[in-house]
Amino acid sequence: MPLTLYDKIWNDHLVHQQEDGTSLLFVDRHLIHEVTSPQAFEGLRSSNRKVRQPNLTLAVADHNVPTTDRTKGISDEESKLQVDTLEKNCKEFGIKLFGMDDKRQGIVHIIGPEQGFTQPGTIIVCGDSHTATHGAFGSLAFGIGTSEVEHVLATQTLVQKKSKNFRINVNGKLPLGVTSKDVILQIIGKIGTAGGTGYVIEYAGDLISSLTVENRMTICNMTIEGGARAGLIQPDEKVFEYLKNKPMSPKNENWDKALEYWETLKSDHGSKFDKEINLEGNDIKPMVTWGTSPQDVITIDGKVPNPKNEKDPDKKNSIERSLKYMGLNPDINAKDIKIDKVFIGSCTNGRIEDLREAAEILKDKKIANHVDAMVVPGSGLVKQQAEQEGLDKIFINSGFEWREPGCSMCLAMNADKLKPGERCASTSNRNFEGRQGRGGRTHLVSPGMAAAAAISGNLDDVRKYQI
Amino acid sequence: MQKFNKVKSIPAYLPIVNIDTDMLIPKQFLKTIKRTGLGKNLFHEMRYDEKGIEIDQFILNKAPYNKSKILIAGKNFGCGSSREHAPWALLDFGITCVISSSYADIFYNNCFKNGILPIVIDEEQIKQISEYSLRKEEIEVDLVNEKIKFGNNEIGFEIDPFKKKCLLEGLDDIALSLEKTDKILSFEKKLKDSKPWIFND
């Protein structure tokens with residue numbers, strides 16, 4: 001029977017299956033961070049259990065770390081306790097950790113690929129919903145809760161039921177100024193935040209294959225915003241090339257063996273998808289979100305919706321609630337929305353290619369006087385690479401702050417946050433109420449669009465600065 | 001894990017769709033290294049004003065809903081972040097059963113690890129039982145018989161049999177999986193032969 005890529009990875013990891021389909025799957029790679037792991041380690045200690053495969057586990061502190069000068073440590077007591085607890089737990093259980101002063105430190109979903117820890121055909125889990133990012137390498141990667149983190153630590157397996165197969169085909173070519181961020185925002189707008197619930201999504205089509213590995217990561221990253229368990233893409237030469245010679249990638253004869261296996265990782269011709277949709281790349285425009293859900297998208301030349309035009313009472317209420325929170329009037333132009341802050345970074349758009357995309361727009365330009373803007377590179381290595389290319393200078397000269405790596409204002413657990421009522425053009429993944437700080441208002445955009453907004457002082461069309 | 005069998009309570013009804021885990025428990029409360037004590041921070045930004053004073057109109061601040069054990073809410077409940085702090089906060093507040101027409105996947109799984117029963121029924125049925133919240137009358141959820149009982153009526157719901165068993169018996173699923181250690185071991189041995197690169201050695 002022809003199998004999908006998801007079916008193949010699933011079958012390859014079955015340790016045991018009960019009659020009702022409940023399955024025990026082997027986990028090849030487990031990433032952990034400071035926020036969702038302390039209670040899991042505490043659970044291990046209280047039941048006197050060990051970590052089954054410390055070598056398949058990699059830890060980093062990212063959510064709580066300061067992005068300003070780190071030489072004095074973390075001033076917030078609670079954040080410090082969490083980061084110290086991670087360090088203590090890793091030492092006690094023999095897990096490799098990239099500490100706060102390690103230049104390899106960064107956002108968990110950026111360092112996995114960067115180190116070659118992320119590999120095709122593996123099952124990768126992490127106590128973080130954006131684990132889907134790693135699906136860009138043809139791995140089955142998904143977020144889990146803390147109880148499941150404990151389960152994986154203790155058994156190197158996870159209890160799961162199989163999801164259904166959903167394929168999203170994107171064909172054609174992206175117009176100038178349109179990026180993979182716009183593609184995924186468009187997809188979420190189309191399927192809705194629960195459109196993928198119960199499914200694993202495979203992204204396919206010639207447009208997806210034409211994307212760089214980093215751009216594919218942006219798409220897989222936001223799969224969770226469409227409600228799916230995971231999102232993945234068939235691995236190809238670009239992926240193999242990306243992984244070659246990474247510190248934790250297979251070496252020598254193991255590389256050849258791995259490659260032979262990786263090349264089999266594709267959905268068979270005639271394999272069955274429970275759901276399938278098609279998108280034409282040529283039609284996609286730069287997107288922005290106007291509301292408090294990632295499905296609230298409009299094109300940059302569009303208008304904020306009017307609840308009067310909505311017949312469904314739930315949707316109407318939801319639009320009204322979002323508009324009120326966002327402080328927006330119905331029917332105004334997206335380009336008339338004035339912003340206070342710009343955030344470039346996160347596991348969605350904090351990689352070197354994202355920084356290049358923004359820097360290209362900002363070169364020789366100044367950001368608007370009333371805008372506070374910052375760039376938070378996704379990892380120490382991304383930061384180093386950007387500095388070698390002189391991107392830091394471009395950002396600083398235009399008026400951006402150049403920060404240390406971490407999750408930062410994507411979820412505002414550290415000191416980087418919006419004040420009530422402040423409005424931000426952000427390259428992150430969630431525009432939920434309060435996500436970037438209580439009362440803060442988030443508009444999700446691509447890195448180029450964030451740069452354009454910083455210069456104009458309002459949401460704006462990046463294509464204006466590309467001609 | 002605490003067992004779940006039956007719960008009887010006046011339900012609290014929150015008619016909002018896409019309630020995300022950031023709403024359930026904002027990030028500033030994720031800095032804890034414990035599972036307990038989060039109940040007071042449940043729905044923090046809807047429940048307290050900027051000075052930290054309770055907002056009277058918010059349903060969970062009002063009697064009798066401040067003692068509700070059952071929460072009825074709009075579709076796609078628990079979307080967003082994987083934070084298990086969301087079910088921990090619900091549980092610590094005293095809510096052991098959520099009723100919605102759909103849930104986000106990770107949140108749904110997290111509930112079962114904490115003795116919380118997430119029930120799926122359709123939107124018409126939600127409207128029907130939400131009346132009991134408005135009228136401040138109790139409803140009863142019976143997991144063994146997979147039924148919600150209210151007045152002289154009842155609604156059936158479906159649940160995965162294995163998840164049901166774990167809830168009813170309060171099973172520790174790590175212990176269950178560790179019973180299969182020999183299977184895990186033989187899987188690992190096979191894996192070392194077929195994909196030696198996985199083990200980095």
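The values are calculated or read from the model by the stated rules, or taken from the named source; none is laboratory data. Every value quoted in this text rests on a predicted model; they were computed, and no experiment measured them. Cβ atoms come from the backbone with ideal geometry, glycine included; neighbour counts cover every protein chain shown. Surface areas here come from the heavy atoms of the whole protein model, side chains and all, with no ligands, DNA or RNA. Shrake-Rupley method; radii C 1.70, N 1.55, O 1.52, S 1.80 Å.
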Reported set for the stretch B:165-190 where residues are acidic (Asp, Glu) and more than 7 Å from every other protein chain (Cβ to nearest Cβ) is B:Glu169, B:Asp172, B:Glu179, B:Asp182, B:Glu188
If we keep only residues of the stretch A:132-162 that are facing chain B (nearest Cβ under 8 Å) and of a type in the set (S, T, N, Q), then the residue nearest to the chain's Cα centre (by Cα) is A:Thr146
Here the residues within the stretch A:409-443 that are away from chain B (no Cβ under 12 Å) and not in a loop (DSSP other than H, G, I, E, B) are A:Arg423, A:Cys424, A:Ala425, A:Ser426, A:Arg441, A:His443
If we take the stretch A:103-168, then strands (runs of 3 or more DSSP E) inside it with 2 or more residues that are of a type outside the set (Gly, Ala, Ser) and open to solvent by 10 Å² or more (accessible area, probe 1.4 Å) are A:157-160
A:Gly380: passes all of (1) touching a residue at least 60 places away in the same chain (Cβ under 8 Å); (2) open to solvent by less than 10 Å² (accessible area, probe 1.4 Å) but (2)
Taking the stretch B:135-152 and keeping only residues that are in a strand (DSSP E or B) and either in contact (Cβ under 8 Å) with a residue 24 or more places away in the chain or of a type in the set (Ser, Thr, Tyr) (or both), one is left with B:Ile139, B:Glu140, B:Val141, B:Asp142, B:Ile148
Subject >> Residue in the stretch A:302-309 that is more than 10 Å from chain B (Cβ to nearest Cβ), touching a helix residue (DSSP H, G or I) at 6+ places or on another chain (Cβ under 9 Å) and under 16 Å from B:Ile16 (Cβ atoms) present >> reply: yes
Just one listed residue, out of B:Pro87, B:Pro118, is free of Cβ contacts under 8 Å to residues at least 40 places away in the same chain and within 12 Å of the chain's Cα centre (by Cα), and it is B:Pro87
Counting only residues that are open to solvent by 60 Å² or more (accessible area, probe 1.4 Å) and under 29 Å from A:Gly421 (Cβ atoms), the stretch B:44-74 contains a total of 7
Of the conditions (1) closer than 25 Å to B:Cys79 by Cβ; (2) out of contact with any Pro (no Cβ under 6 Å at 6 or more places or on another chain), the single one that A:Asp182 does not satisfy is (2)
Matching residues in the stretch B:165-201 (in contact with a strand residue (DSSP E or B) (Cβ under 9 Å, 6 or more places away or on another chain), open to solvent by less than 50 Å² (accessible area, probe 1.4 Å) and not small (Gly, Ala, Ser)) number 9
In the set A:Glu241, A:Glu260, the lone residue that is away from every other protein chain (no Cβ under 14 Å) and surrounded by fewer than 20 Cβ atoms within 10 Å (Cβ to Cβ) is A:Glu241
**Condition met for B:Phe93 (within 19 Å of B:Lys27 (Cα to Cα), open to solvent by 10 Å² or more (accessible area, probe 1.4 Å) and of a type in the set (Phe, Trp, Tyr))** = yes
Does any residue of the stretch A:8-17 turn out to be open to solvent by 50 Å² or more (accessible area, probe 1.4 Å), away from chain B (no Cβ under 12 Å) and over 23 Å from B:Lys183 (Cα atoms)?
no
On the given criteria, is B:Ile198 within 8 Å of chain A (Cβ to nearest Cβ), over 26 Å from A:Gly198 (Cβ atoms) and not aromatic (Phe, Trp, Tyr)?
yes
Across (1) surrounded by 15 or more Cβ atoms within 10 Å (Cβ to Cβ); (2) touching a strand residue (DSSP E or B) at 6+ places or on another chain (Cβ under 8 Å), A:Gly327 clears everything bar (1)
Pairing a residue in the stretch A:202-225 that is part of a loop (DSSP other than H, G, I, E, B) with any residue that is surrounded by fewer than 24 Cβ atoms within 10 Å (Cβ to Cβ), where Cβ atoms lie under 7 Å and the two sit 6 or more apart in sequence or on different chains, gives A:Gly205/A:Asn169; A:Gly205/A:Asn171; A:Thr212/A:Lys238; A:Thr212/A:Glu353
- Task: Could you please let me know if B:Ser82 is assigned to a loop (DSSP other than H, G, I, E, B) and either open to solvent by 10 Å² or more (accessible area, probe 1.4 Å) or not aliphatic (A, V, I, L, M) (or both)?
- Result: yes
Quick check, is A:Lys266 more than 21 Å from A:Thr118 (Cα to Cα), open to solvent by 30 Å² or more (accessible area, probe 1.4 Å) and touching a residue at least 40 places away in the same chain (Cβ under 8 Å)? no
Checked pairs for the stretch A:270-284, first at positive phi, second open to solvent by less than 70 Å² (accessible area, probe 1.4 Å), C-beta under 6 Å and 6 or more apart or across chains, list as A:Gly270/A:Pro2
Restricting attention to the stretch A:246-257, the residues that are surrounded by 13 or more Cβ atoms within 10 Å (Cβ to Cβ) and outside any loop (DSSP other than H, G, I, E, B) number exactly 3
*Is there a residue in the stretch A:281-293 that is aromatic (Phe, Trp, Tyr) and within 30 Å of A:Ala204 (Cβ to Cβ)?*
yes
Picked from the stretch A:388-408 (must be part of a helix (DSSP H, G or I) and not β-branched (Val, Ile, Thr)), the residue surrounded by the most Cβ atoms within 10 Å (Cβ to Cβ) is A:Ser408
Going through (1) facing another protein chain (nearest Cβ under 10 Å); (2) among the basic types (Lys, Arg); (3) within 30 Å of A:Gln436 (Cβ to Cβ); (4) open to solvent by 10 Å² or more (accessible area, probe 1.4 Å) one by one, A:Arg29 fails only at (4)
Subset of the stretch A:413-462, residues within 18 Å of A:Gly378 (Cβ to Cβ) and surrounded by fewer than 24 Cβ atoms within 10 Å (Cβ to Cβ), comes to A:Asn414
B:Phe162 at the interface with chain A (Cβ under 10 Å from one of its Cβ atoms), of a type outside the set (S, T, N, Q) and either touching a residue at least 40 places away in the same chain (Cβ under 8 Å) or assigned to a strand (DSSP E or B) (or both): no
A careful count of residues in the stretch A:330-347 that are farther than 14 Å from A:Val375 by Cβ, open to solvent by less than 30 Å² (accessible area, probe 1.4 Å) and not small (Gly, Ala, Ser) gives 3
Among (1) at pLDDT below 95; (2) touching a strand residue (DSSP E or B) at 6+ places or on another chain (Cβ under 8 Å), A:Glu19 falls short only on (2)
### Task
Could you check, for the stretch A:163-176, whether at least one of its residues is among the basic types (Lys, Arg) and within 14 Å of another protein chain (Cβ to nearest Cβ)?
yes
